[in-house]
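Visitor: Quick one: this structure, given as structure tokens, is what I'll be asking you about.
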Amino acid sequence: MKNIYNFTQGDLGNYLLENNDKKYRADQIYEFLYKKRVKSFDEMINIGKKTIELLKNDFSMFKIKLILKQEDVNVKKYLFELIDGQRIESVLMIHDYGISICISSQVGCNMGCKFCESGRLKKVRNLEPYEMVEQILYIEEDIKKRITHIVIMGIGEPFDNYDNVMNFIKIVNNPKGIDIGSRHITISTCGIIPGIEKFINEPGQVNLAISLHAPNDKLREKIMPIAKVYKLNDLMDTIKKYIEKTNRRVTFEYIMLKDINDSKENAQELAKLLKGINCYVNLIPYNETENIEFRRTNNKDIMSFYDVLKKNKVNVTIRKEFGSKVDAACGQLRANQMIGG
Ligand code: SAH
């Protein structure tokens, strides 16, 4: 049985047509799902018994289950269980500019980044759109507020699950759906070039973030196996193409790992690499985990790195830290539940 939250409005309309129903009912169904937030098909009053029966026969809704919630100041972390018993997590963060949620796009991840908890647990499967949509619906109901920003930066590599992630974005972005503006949605990728190339041609203004983490191939390959497949030169060329076509600014994420990628020379090399590119760099203080040996760069060295970039006229920010008490690093909650670490 399909889940109704998998369906874009267009696909739902086509489904209705194929089943001798009226296409416009997709509008009404969307209204019930995303504006009225009904919990069952029976609550969809006024759309006709026949349509309700059709939906009840063919679709399910609300399948993810909360297993654990951790809270700290301005951050909440949710561990969800899916119908096959797999687990994923989402993190909610309260900022001065709004409320963002970091959602997972896969169960596990195959990219194998050495510093990342998600990568230790290999990919089991892709998430379907409904499993991403339900993360948002569940959390909005929990906090009784609307989420304003989405970052697809939780467990998984979104460009390794391209079509499902794009359908998810369509549902979220649709004014009749969850209605979050595309400029408030960010996809983060470790640099899968074919994914970025497809993404260049997508309509809308969804933001692109690239997990860079190193200014050259040699270093990058040490910490990110995917760097052996997609070389920095080619990656930068693709990003330039993206910027040219979309006129959008790209974010580069750079985790600060002590004695690995955090020297002033690294900063200089990074500035050179990014020279003339419409971007900004987000320096991320590494969130240490018990299971992985990497250490975080101390604040003084982060500031020195930051200063070198600033001096070289690179736009740079240091990511505000959330929830060191709540296993907030990507994949930590799930990993610790599974491994008992
Ligand atoms: N696969 C995608 C999205 C998921 S990872 C990507 O690579 O971008 C989201 C971000 O969290 C990436 O920049 C990743 O490198 C970073 N990350 C992973 N583990 C982290 C940790 N322990 N501390 C800080 N950032 C981490």
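Visitor: Once you have a ≥ b ≥ c as the square roots of the Cα gyration tensor eigenvalues for the stretch 132-240, tell me rounded if a/c is under 1.5, and otherwise prolate or oblate according to whether a/b is larger than b/c.
Guide: Verdict is prolate for the stretch 132-240.
Visitor: Restricting everything to alpha-carbon atoms, can you work out Rg to Rh for the stretch 167-227 with a Kirkwood hydrodynamic radius? All intermediate terms of the calculation are to be shown ahead of the outcome.
Guide: Working: Rg = 14.6 Å, Rh = 13.2 Å.
That ratio equals 1.11.
Visitor: Given the Cα-Cα distance of ASP237 and GLU71 and 0.36 nm per residue of separation, how much length would full extension add, in nm? Write out the running numbers ahead of the final one.
Guide: On the way: separation 166, 0.36 × 166 = 59.76 nm, distance 4.12 nm.
Full extension of this stretch gives 55.6 nm more.
Visitor: Given a Förster radius of 35 Å and the C-beta distance between LYS144 and GLU202 as r, what FRET efficiency does 1/(1 + (r/R0)^6) yield to the nearest 0.05? The partial results should precede the final answer.
Guide: Working: r = 32 Å, r/R0 = 0.92.
Efficiency at R0 = 35 Å is approximately 0.60.
Visitor: For the chain, what is the calculated [θ] at 222 nm in deg cm²/dmol (nearest 500), taking -39500 (n - 2.57) for each run of four or more DSSP H residues and dividing by its residue count?
Guide: Values: 12 runs with 119 residues, N = 341.
When only DSSP H runs of four or more count, the value is -10000 deg cm²/dmol.
Visitor: Which percent of the accessible heavy-atom area of the stretch 172-319 goes to carbon and sulfur, probe 1.4 angstrom? Walk me through the numbers on the way to the answer.
Guide: Working: 3300 of 7140 Å².
That fraction is 46 percent.
Visitor: Right, here's the next one. Cα gyration tensor of the stretch 95-138, axes a ≥ b ≥ c as square roots of the eigenvalues: rounded (a/c below 1.5), prolate (a/b > b/c) or oblate?
Guide: Details: a/c = 4.10, a/b = 1.43, b/c = 2.86.
Verdict is oblate for the stretch 95-138.
Visitor: Name the residues whose placed amide hydrogens come within less than 5 Å of the amide hydrogen of VAL316, ignoring near sequence neighbours (fewer than 5 apart) on the same chain.
Guide: Counting only residues 5 or more places away or on other chains, the set is VAL281.
Visitor: Give me the percent of the accessible area of the stretch 2-60 that comes from carbon and sulfur atoms, probe 1.4 Å, all protein chains in place.
Guide: Details: 1510 of 3100 Å².
Within the stretch 2-60, the accessible surface is 49 percent carbon and sulfur.
Visitor: If eta is 0.692 mPa s and T is 37 °C, what Stokes-Einstein diffusion coefficient results for the chain, Kirkwood Rh from Cα pairs, in µm²/s? Walk me through the numbers before you get to the answer.
Guide: Values: Rh = 21.0 Å.
Diffusion coefficient, whole number: 156 µm²/s.
Visitor: With every protein chain kept in place and ligands, DNA and RNA left out, what is the accessible area per residue of the chain? Probe 1.4 Å, answer in Å². Before the final figure, lay out each step's value.
Guide: Values: 15550 Å² over 341 residues.
That works out to 46 Å² for each residue.
Visitor: Can you compute 3J(HN,Hα) from phi for each residue in the stretch 207-215, using the Karplus curve 6.51 cos²θ - 1.76 cosθ + 1.60 with θ = phi - 60°, rounded to whole Hz and x for Gly and Pro?
Guide: Per-residue couplings from phi come out as 7, 10, 10, 10, 7, 8, 6, 7, x Hz.
Visitor: Let me ask something additional. Could you estimate the translational diffusion coefficient of the stretch 2-60 from the Stokes-Einstein equation, with Rh from the Kirkwood formula over C-alpha pairs, at 20 °C and 1.002 mPa s, in whole µm²/s? Each step should come with its number before you reach the end.
Guide: Values: Rh = 11.2 Å.
Result for D is 191 µm²/s.
Visitor: Next question, about the same structure. Evaluate the relative contact order of the chain (contact order divided by residue number), counting alpha-carbon pairs under 8 angstrom at least 6 apart; express in whole percent.
Guide: Values: 616 pairs, mean separation 50.4, N = 341.
Taking the mean separation of contacting Cα pairs over the length of the chain, I get 15 percent.
Visitor: Here's a follow-up. Using the Cβ atoms and a cut-off under 14 Å, what net charge is assigned to the surroundings of TYR24, where Lys and Arg are +1 and Asp and Glu are -1? The partial results should precede the final answer.
Guide: On the way: positive: LYS22, LYS23, ARG25, LYS176; negative: ASP21, ASP27, GLU31.
Taking every other residue near TYR24 into account, the sum is +1.
Visitor: For MET61 and ASN291, FRET efficiency with R0 = 41 Å and r from the beta-carbon atoms, rounded to 0.05? Kindly include the intermediate steps, with their values, before the conclusion.
Guide: Details: r = 36 Å, r/R0 = 0.88.
FRET efficiency, ASN291 to MET61: 0.70.
The values are calculated or read from the model by the stated rules, or taken from the named source; none is laboratory data. From a predicted model like this one, the values you see are computed outputs, not experimental measurements. Cβ: placed from backbone, ideal geometry, glycine included. Neighbour counts: every protein chain shown. Accessible surface is based on the protein model in full, side chains and every heavy atom, while ligands, DNA and RNA are left aside. Shrake-Rupley method; radii C 1.70, N 1.55, O 1.52, S 1.80 Å.
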